[in-house]
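Reading through the structure tokens given below for one structure.
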Amino acid sequence: MYLFGKTALTHAGEQLAELFFPVACALCGKRIGSALCEECAESVPVIISRENGIVSGFAYQDEKIRAVIHKLKFGGYQPLGVRLGELLADILTEHLFEEDGLVAHETIAVLPIPLSRKRHRTRGFNQSEKIAQGLIKRSPESYTVFKDVLYKVKDT
Ligand SMILES: [Zn+2]
């Protein structure tokens, strides 16, 4: 007899669901096997901010990107996190590697922001880790993900 944890069962259920109901775009709902279709991805504004040495790729105040983030965090739509990571990899490749002249063999360290244990238990996944998975999936030569480097010391 095998016992599966809730996460394993959830993952198996998701794979089964994707077999019968291909992944739908989080914004337009088209079932085309992508969590954010090309058309919608292109409609999400990109803002490259370099304030205080921190680079962000999306315009987080924009209502479309807010809707996407909400579906990822509170809708539990995990494929969306990986898709956002892929898009972020494309944005960073264009702006960091091509415009800022970083050479392709320089590896960027990615530190997913941890969740509190309680939040991780209720959400079932860490959205930062999903986005990091997308970065690695798209550009494995450019990024190295370091989990367990940052620790949550205060439950926020
Ligand atoms: Zn779409």
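Determine, yes or no, whether G134 is small (G, A, S), in contact with a Gly (Cβ under 8 Å, 6 or more places away or on another chain) and surrounded by 19 or more Cβ atoms within 10 Å (Cβ to Cβ). Spelling it out, G134 is indeed small (G, A, S), in contact with a Gly (Cβ under 8 Å, 6 or more places away or on another chain) and surrounded by 19 or more Cβ atoms within 10 Å (Cβ to Cβ).
Inspection of the stretch 112-125 identifies no residue that is in contact with a strand residue (DSSP E or B) (Cβ under 7 Å, 6 or more places away or on another chain) and modelled with pLDDT under 90. In the stretch 142-155, the count of residues that are outside any helix (DSSP H, G or I) and acidic (D, E) is one or more. Which ones in the stretch 45-93 are modelled with pLDDT of 85 or more, within 16 Å of the ligand (Cβ to nearest atom) and not in a helix (DSSP H, G or I)? D62, G75, Y77 - these are the residues of the stretch 45-93 that are modelled with pLDDT of 85 or more, within 16 Å of the ligand (Cβ to nearest atom) and not in a helix (DSSP H, G or I).
Considering the stretch 35-44, and only residues there that are part of a loop (DSSP other than H, G, I, E, B) and at pLDDT 90 or above, the residue that is nearest to the ligand (Cβ to nearest atom) turns out to be C37. I'd like the full set of residues that are under 20 Å from E86 (Cβ atoms) and surrounded by fewer than 18 Cβ atoms within 10 Å (Cβ to Cβ), limited to the stretch 107-125. Matches in the stretch 107-125: T107, I108, A109, L111, I113, F125.
The values are calculated or read from the model by the stated rules, or taken from the named source; none is laboratory data. The model shown is predicted, which means the values in this text are computed figures rather than measured ones. In this analysis, Cβ positions are derived from the backbone assuming ideal geometry, glycine residues included, and neighbour counts consider all displayed protein chains.
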